[in-house]
Amino acid sequence: MNWTRIAAVDEVEDDAGLPFKLDGRELALFRSGGEFFAADNICTHQYALLTDGYVEDGCVECPLHQAQFDLRTGEPRCAPATQPIRIYPVKVEDEAVYVAVE
């Protein structure tokens, strides 16, 4: 796997997201419950940046229509979204967060 450093651990507050672009993709680094997650930053229901939404209890809520996605699996938790967002592997080393995008 090819790991890319995205941020320092202290750059992302708990229950928040950080947008970033990697390999031409709109992605997001989220922190919830002290854990880090990387996912697509675009809602699958309608174009909206998930980093503009709310992060709580391991889920991110779309700011447009309040669809929620599980940050562990990418699966939608409620309507109107029916398609999952893609989740990417994350690792933390030396106070830095890395993401792998295949």
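The values are calculated or read from the model by the stated rules, or taken from the named source; none is laboratory data. Since this is a predicted model, take the numbers as computed values, not measurements. All Cβ positions, even for glycine, are placed from backbone atoms using ideal geometry, and neighbour counts span all protein chains on display. Surface areas here come from the heavy atoms of the whole protein model, side chains and all, with no ligands, DNA or RNA. Shrake-Rupley method; radii C 1.70, N 1.55, O 1.52, S 1.80 Å.
Being crowded, with 16+ Cβ neighbours inside 10 Å and touching a helix residue (DSSP H, G or I) at 6+ places or on another chain (Cβ under 8 Å) is the filter here; which residues of region 89-102 pass it?
Matches in region 89-102: Val97 only.
Against the definition (of a type outside the set (D, E, K, R) and at pLDDT 95 or above), how does Val101 come out, yes or no? Quick ask: steps written out before the conclusion?
Details: of a type outside the set (D, E, K, R): yes; at pLDDT 95 or above: no.
No, not satisfied.
Only one of Ala16, Ala38, Ala7 is touching a Pro at 6+ places or on another chain (Cβ under 9 Å) and either surrounded by fewer than 19 Cβ atoms within 10 Å (Cβ to Cβ) or among the small types (Gly, Ala, Ser) (or both). Can you tell me which?
On the way: Ala16 fails: touching a Pro at 6+ places or on another chain (Cβ under 9 Å); Ala7 fails: touching a Pro at 6+ places or on another chain (Cβ under 9 Å).
Result of the check over Ala16, Ala38, Ala7: Ala38.
With the condition kept exactly as written, say whether any residue in region 41-53 is among the polar types (S, T, N, Q) and under 9 Å from the mean Cα position of the chain (by Cα).
So the first thing to find is which residues in region 41-53 are among the polar types (S, T, N, Q), and the list is 41, 44, 46, 51.
Subsequent filtering for residues that are under 9 Å from the mean Cα position of the chain (by Cα) retains 41, 51.
Within region 41-53, one or more residues are among the polar types (S, T, N, Q) and under 9 Å from the mean Cα position of the chain (by Cα).
Return the residues of region 43-63 that are within 20 Å of Arg25 (Cα to Cα), open to solvent by 80 Å² or more (accessible area, probe 1.4 Å) and not acidic (Asp, Glu); say none if nothing qualifies.
Gln46, Tyr47
Just to check your reading of the model, which residue among Arg86, Arg77 is open to solvent by 50 Å² or more (accessible area, probe 1.4 Å), over 15 Å from Glu11 (Cα atoms) and in contact with a Phe, Trp or Tyr (Cβ under 7 Å, 6 or more places away or on another chain)? Can you show your working first?
Values: Arg86 fails: in contact with a Phe, Trp or Tyr (Cβ under 7 Å, 6 or more places away or on another chain).
Answer to the check: Arg77.
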